[in-house]
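Computed from the coordinates by the stated procedures, all read-outs in this text should not be read as laboratory data. Computed from a predicted model, the values in this text were never measured in an experiment. With ideal geometry, Cβ positions are generated from the backbone for all residues, glycine too; neighbour counts draw on all protein chains shown.
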Amino acid sequence: MAEEKEKKRLKIKATGQMQKIMADYFYELNDAARDRSKPIAWCTSVGPAELLRAMGFLVHFPENHGAMLGATRMATDMIPEANAIGYTPTICSYLTADIGAYLKGVTPLSKAYKGIDSLPKPDVLVFNTNQCRDVQDWFAWYGDEFNVPVIGIYTHRGVKDVGEALVTSVAQQIKDLIPTLEEVSGNKFDMEELKRVLALSRECSDLWQKVLFTAGTIPSPLTFFDGTIHMGPAVVLRGTQPAIDYYKLLLAELEERIENHVAAVDGEKYRIYWEGMPVWGRLSAHSKLFAGLDANVLASTYCNSWIFSDFDENDPFHSMARAYTQLFIVRSDDAKEAYIKRMLDYFKVDGIVYHDAMTCPNNSNCRYGMAQRLEKETGIPSLIINGDLNDLRMLSDEQTKTNVEAFIEQLEERKG
Amino acid sequence: MTDQSVFVGADVGSSRTKLAVLNTKKQLVGFSIKKSGTDFTATSNTCLDLALKMAGVTPGHIVHTVSTGYGRKNVEFSSATKTEISCHARGCYHYFPLAITIIDIGGQDNKVIKLDDQGRRLNFKMNRKCAAGTGAFLEEMALRLDIPVEDMNDLASQSQNMERLGSFCTVFSGTEVLEKIRNGKKVPDIVKGLFFSVIRRVMEMDSLTENVVMTGGVVAHNPYLVTMTEELIGRKIRVAEHPQLTGAVGAALYAMNGK
């Protein structure tokens, strides 16, 4: 019988340090919520976190919690709770998993961090619709539940060129959040503090970009699956020193791998770009699947989404508005395709895997012919797999496996 | 290698296990088809015995075996595995060495595979996770209509006035079938509508190139599906002599390459 081989996938040594700073982050939030010592804001993952930190808030990110529900495979049991109160199975499964978990009174944080029983209660909820409309509906539900203000930024979507009019509009909306934030926190807005936080956030972003771009080396010292785990600090701790210190550590480890020609996937033969959300409940399975076929999924649009190169401490509001509008997810297909082509070139990619996530149209870019257009223009083959970020009812593991194996066989034929 | 040396391809599908034995001249000298059941290993062993007997050879004459299909990892006597996508492509190109689009309609899934004139795969698509457009869909509908699934081909070809079904979903299609029965529609017309539904689901998966080949068990048992597809696309479709075996033949051809 043909034996299945288990490939060696190299572990990142810095992981322990990341777990420590993430634990510190969750405990600080938990303590503040318990003692009412600091105001707490809930924020969308590419929302104006810098402004919130600068105004003295500790920040919880419900999408991070949604991803944790997915990665721990709790989500599929939580989603039906939200379905039952009118949030259908085809809308964002971060939203349904998170609200479902709240309704059931459970959180993966309890399993990971002793002493944490629940999420930190918010004093305000702040969204940016740059990702999708679902975040607004999600936060509205919690606004009613906790009887706290829900404020946000309405970003223009499907943007081809990020022009001045759009940036000015978003910058003004960010400024307009300040009076409510002052009232809720009891703190006056301090421009110098915003500049300080934004500078830290920019430094974190630059380091995170350097980390991800080490994957441009052959063989790559990093995988996309590593990236989905190690992006935690870039999402929840951007604007803080611990995130910066962590990415310096991680970068040094990856640079050492490059120097010693150490591959994240032993025997890397095929270099794959992942377009779309990860399937959180299958990170390990997918990592093994690709590695077993000598393929390294080494780069993604998704992990790159927390690179904010436009942040400029000398022009905080304007540069935040530009950075949060430049995001891939906000853009037109023209702009997205131009971006992906640059990435395919930089990372020396052999094939693209598109994840068509049932409940996330905004991160499923293969639905309007993009895969076919890019394949025609670049000659790089692509594969679309059907699945979901969180709802494991929406995927077939066997179909994914066969599709991926067949795709790698196709790449093998091309390489000869 | 001797004159009696053979290469074996085992295609363990969700519904049927197919086994092909090729001689050194790439001729099909033995084959067998059995219901896969729940013990893929035992079924593939039985298929091997039958196909080798037909070929007039013994296990000692096997040079290599490649297995494919859902149960490809359960075949005891295989030395390598390949996906059914690669094997169908290889098998079809063996019979039709042209730039082709292959439509494979299987028990559990469908595939549309495009090859260039050198037999290199350009791309492929598999159906989404649901049963729409597959053999499983027809089996489910045969139950609703209380007819043997093997009668469907003849019934569809007798239809005078096809009844169209609108839904993607097998369960919803079942409801539509019940509604048509209630309204007194004729069974042959409903069955032809079901065939049309299968074809539409497959045609939605990808565009077709000039030369089209159809394969798979559903095609083997329901040749009228090919006729209907030809009418729909307005040109002749190529079908191998044993359309259910092309995946197994492809696997045997890979075995001939030693992988």
Kindly establish whether A:N314 is part of a helix (DSSP H, G or I), polar (S, T, N, Q) and either out of contact with any Ser or Thr (no Cβ under 6 Å at 6 or more places or on another chain) or more than 10 Å from every other protein chain (Cβ to nearest Cβ) (or both).
no
Those residues of segment A:339-375 which are within 14 Å of another protein chain (Cβ to nearest Cβ), within 23 Å of A:Y87 (Cα to Cα), touching a Ser or Thr at 6+ places or on another chain (Cβ under 9 Å) and assigned to a loop (DSSP other than H, G, I, E, B), in sequence order:
A:M358
Subset of segment A:361-411 (residues that are acidic (D, E), without any contact (Cβ under 8 Å) to a residue 24 or more places away in the chain and under 24 Å from B:A251 (Cβ atoms)):
A:E398, A:E409
Give the residues of segment B:141-166 that are without any contact (Cβ under 8 Å) to a residue 12 or more places away in the chain, in a loop (DSSP other than H, G, I, E, B) and among the small types (G, A, S), sorted by residue number.
B:G166
Subset of segment A:185-243 (residues that are under 18 Å from the mean Cα position of the chain (by Cα), small (G, A, S) and outside any helix (DSSP H, G or I)):
A:G239
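Condition check ((1) under 24 Å from A:S287 (Cα atoms); (2) in contact with a helix residue (DSSP H, G or I) (Cβ under 8 Å, 6 or more places away or on another chain); (3) surrounded by 15 or more Cβ atoms within 10 Å (Cβ to Cβ)) across all residues:
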| residue | (1), (2), (3) |
| --- | --- |
| A:D315 | no, no, yes |
| A:S319 | no, yes, yes |
| A:F328 | no, yes, yes |
| A:K336 | no, yes, yes |
| A:I340 | yes, yes, yes |
| A:V353 | yes, yes, yes |
| A:A357 | yes, yes, yes |
| A:S382 | yes, yes, yes |
Just to be sure before I move on: is A:N130 surrounded by fewer than 21 Cβ atoms within 10 Å (Cβ to Cβ) and within 26 Å of A:H65 (Cα to Cα) in the structure I sent?
no
Return the residues of segment A:76-127 that are closer than 28 Å to A:T180 by Cβ, hydroxyl-bearing (S, T, Y) and part of a helix (DSSP H, G or I); say none if nothing qualifies.
A:Y94, A:T96, A:Y102
Kindly indicate whether A:D397 is charged (D, E, K, R) and either over 30 Å from A:A97 (Cα atoms) or under 19 Å from the mean Cα position of the chain (by Cα) (or both).
no
Within segment A:209-264, the count of residues that are under 20 Å from A:V59 (Cα atoms) and either among the small types (G, A, S) or touching a Gly at 6+ places or on another chain (Cβ under 7 Å) (or both) comes to 4
Do we find that A:T44 is farther than 30 Å from A:K188 by Cβ and of a type in the set (S, T, Y) in this structure?
no
The one condition B:L50 fails out of (1) touching a His at 6+ places or on another chain (Cβ under 9 Å); (2) more than 18 Å from B:N257 (Cα to Cα) is (1)
